[in-house]
């Protein structure tokens, strides 16, 4: 009786240790033996079922790169149909219920039969904001306490804080970044920049020099005068 009581206490401690407010739900698609990521979300619940046997293994890693949980399962592609018995499907979905970790970053699945490995990102479900580290799933926009303004976090915050955000590219979007100046650029260089930004092709039409225009007009006037003199002489001879 005493041993049974001790065993019950031990079992309750183990179950309590594994109890969590949320569980992680992950779906893996199988198509002719090949795995692909389906979906991942959390819901209220307690992880209670052990998974330690099968041809597909999985490991949950934290953002620090540590392995926090491992499991194995056998994909169940067998369904029972009335009058047909057991049928194996070529394409099916496996839904897994896993323990939830607030610092989890990814799950690595490995199929021993095919040698295929896939990585399922789950950092977007983690509760990392507030750990004083700007993690991969965080930025100034969703966690300013861990990711300060002006830091390189793939988020252009455009805050007027005296810091040029390196994620604001082109840097015209951040008022703290020094604006590029066109001072000193030649007219030809300005035209080249405009063509590059608008996709316009370089024009082949060149301006006609004003000096050449004056020479042309003078030549025409000389020809008119000579023609007039020639006509007068011809008329006088007749």
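The values are calculated or read from the model by the stated rules, or taken from the named source; none is laboratory data. The structure presented is a predicted model; accordingly, all values stated were derived computationally and were not measured. Please note: Cβ atoms are built from the backbone with ideal geometry, for glycine as well, and neighbour counts cover all protein chains shown.
The set of residues in the stretch 20-60 that are surrounded by 14 or more Cβ atoms within 10 Å (Cβ to Cβ), touching a residue at least 60 places away in the same chain (Cβ under 8 Å) and not in a strand (DSSP E or B) contains only 20. Candidates 120, 63, 95: the one that is touching a residue at least 60 places away in the same chain (Cβ under 8 Å), in the same structural domain as residue 29 (by TED's automatic domain parsing) and within 30 Å of residue 176 (Cβ to Cβ) is 63. Would you say residue 148 is surrounded by 14 or more Cβ atoms within 10 Å (Cβ to Cβ) and out of contact with any helix residue (DSSP H, G or I) (no Cβ under 9 Å at 6 or more places or on another chain)? Yes: the conditions hold for residue 148. Of all positions in the stretch 136-144, at least one carries a residue that is within 30 Å of residue 95 (Cα to Cα), assigned to a loop (DSSP other than H, G, I, E, B) and in contact with a strand residue (DSSP E or B) (Cβ under 9 Å, 6 or more places away or on another chain).
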